1. Restricting attention to the stretch 142-209, which GluC sites (Glu not before Pro) occupy a DSSP loop and are surrounded by at most 10 other Cβ atoms within 10 Å?
2. Quick one: how many Å² of SER153 are accessible to a 1.4 Å probe, rounded to 10?
3. Ignoring ligands, DNA and RNA, how do TRP235, TRP162 rank by accessible area with a 1.4 Å probe, largest first?
4. Can you tell me how much longer the chain between GLN233 and GLU205 gets when fully stretched, taken as 0.36 nm per residue apart minus their C-alpha distance, in nm with one decimal?
5. Which residues' amide hydrogens lie under 5 Å from the amide hydrogen of LEU167, considering only partners 5 or more residues apart or on another chain, with H built in the peptide plane?
6. Students sometimes get this wrong: rank ARG147, ARG69 by accessible area, probe 1.4 Å, all chains present, largest first.
7. Among ALA220, ILE243, ALA206, which residue has its Cα positioned farthest towards the positive end of the charge dipole of the stretch 167-276, with +1 placed on the Cβ of Lys and Arg, -1 on the Cβ of Asp and Glu, and the dipole taken about the Cα centre?
8. What is the sum of charges around ASP81, taking Lys and Arg as +1, Asp and Glu as -1, for the other residues whose C-beta is under 15 Å from the C-beta of ASP81?
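The values are calculated or read from the model by the stated rules, or taken from the named source; none is laboratory data. Predicted model, so just to flag it, every value in this text is computed and none were measured. Here the Cβ positions follow ideal geometry from the backbone for every residue, glycine too, while neighbour counts run over all protein chains shown. Each accessible area value is taken on the protein alone, full model and side chains, heavy atoms only, with ligands, DNA and RNA left out. Shrake-Rupley method; radii C 1.70, N 1.55, O 1.52, S 1.80 Å.
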Amino acid sequence: MRARRRTAPERPEAEASMADSPEAEAETPAAEAPAAEAPAPDSPEAATPTLVWERPEPRSRPTPSPLSRDRIVRAAVELADAGGLDAVSLREVAAALDTGPVRLYRYLSTEEELLDLMVDAVYGEIIAPEPSAGPAPPGGDWRRDLRSHAHRSRAAALRHEWFADLLGGRPHLGPNALADFEASLAALRRAPGFEGIDTVLAAVEAVDAYLVGAVRKEVAEARAERTTGPDEQQWQAAAGPYIGRMLATGRYPTLSEAVVDAAARDADTVFDTGLTYVLDGIAAQLSAP
């Protein structure tokens, strides 16, 4: 899955000024400074902004409270799991870690970077376990691999509903996200029938499009149920009389058949059935003349 960026505020002016204050200097001593020196103004490195993944992490210290990017991200994920993305800010994360917001700016520059780190942490949950030692097989069961990846992705999104809000748009660039994308591409690149990288990309993107839509729909339904109160059965009971009257007009014969005759399916079955249709379509395209 890909992740889209949420617009996040830059470093507040008040907090930026605090970074130059005596209090901030006391809170972030020289011993915690990044190991890498700033590039020369006319060097190629200076012309290219360094992403958070490539910036060295400041050395930690035991007091007043030890910090690391990992601790910051875990605290942010817990806040988002409990209250959604609106509950996440550098100030709230700092409070959860019993420190000041200024200290967090030594580990990341903006809330946008915090979101990037949070998303990549979820990708770390999605990545398949390492295979047993030995050479990679020349070809595998690509349907099995893509199905397994889709189910792991869905499970992670249901554990972290805020993750669904960040899906779509530009690819995410964190190391876990890149490893996850690489695994999906490699599963098809080694499989028979996928002649070139364009075919591999098209197939992976088709599964990804289904996955994003299905997951966001499922999360939206879960949120609506919590927000409005009634569960699905209660909602159906409340809306039933209206639906019955509309179907009785005869204007919706196919919908009427679906409502009356279609078998009830749980969410897992609905997701897996749709995924099967997508995989079947890819297989049919591969065998087309």
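1. Numbers: sites: GLU161, GLU182, GLU195, GLU205; in loops: GLU195.
When the GluC sites (Glu not before Pro) of the stretch 142-209 are filtered for loop state and at most 10 Cβ neighbours within 10 Å, GLU195 remain.
2. 0
3. Result of the area sort, largest leading: TRP235, TRP162.
4. On the way: separation 28, 0.36 × 28 = 10.08 nm, distance 3.46 nm.
Stretched fully, the GLN233-GLU205 segment lengthens by 6.6 nm.
5. ARG4
6. Numbers: ARG147 55, ARG69 30 Å².
From most exposed to least exposed: ARG147, ARG69.
7. Towards the positive end, the residue furthest out is ILE243.
8. Values: positive: ARG74, ARG159, ARG223, ARG226; negative: GLU78, ASP86, GLU92, GLU125, GLU161, ASP165.
Every neighbour counted, the sum reads -2.
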